[in-house]
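All remarks here apply to the structure that follows.
The values are calculated or read from the model by the stated rules, or taken from the named source; none is laboratory data. A quick note: this is a predicted structure, and the numbers were derived from the prediction, not measured. Cβ atoms come from the backbone with ideal geometry, glycine included; neighbour counts cover every protein chain shown.
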């Protein structure tokens, strides 16, 4: 009798974690996952869905980390979005009254 789902030693992959190697099998879900990308400090994304109420910066304006950038209304609450790092505003990708989804690009910096 032959087993159809029997795994051979060549199916195992080596996973290195905390200075140790582990032999494991990767699932299809793991192999098809979205790969991690480091965040780009020159891009600011919305962290929640909502409606843009005010834009407090302009293209070409020099800004410092922690300054208010815009006001995003979500669930009847006004959220002040702060500048993530020192820099200069390159382009604003939203307008007042625009509905944005989570992770929508709102401001690009130089």
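Brief remarks on what is shown
- A single entry from 34, 64, 102 fulfils the requirement of being under 30 Å from residue 12 (Cβ atoms) and exposed (fewer than 12 other Cβ atoms within 10 Å of the Cβ): 34.
- Being in a loop (DSSP other than H, G, I, E, B), surrounded by 12 or more Cβ atoms within 10 Å (Cβ to Cβ), touching a strand residue (DSSP E or B) at 6+ places or on another chain (Cβ under 6 Å) and at pLDDT 95 or above holds for only one residue in 51, 107, 94, 71, and it is 94.
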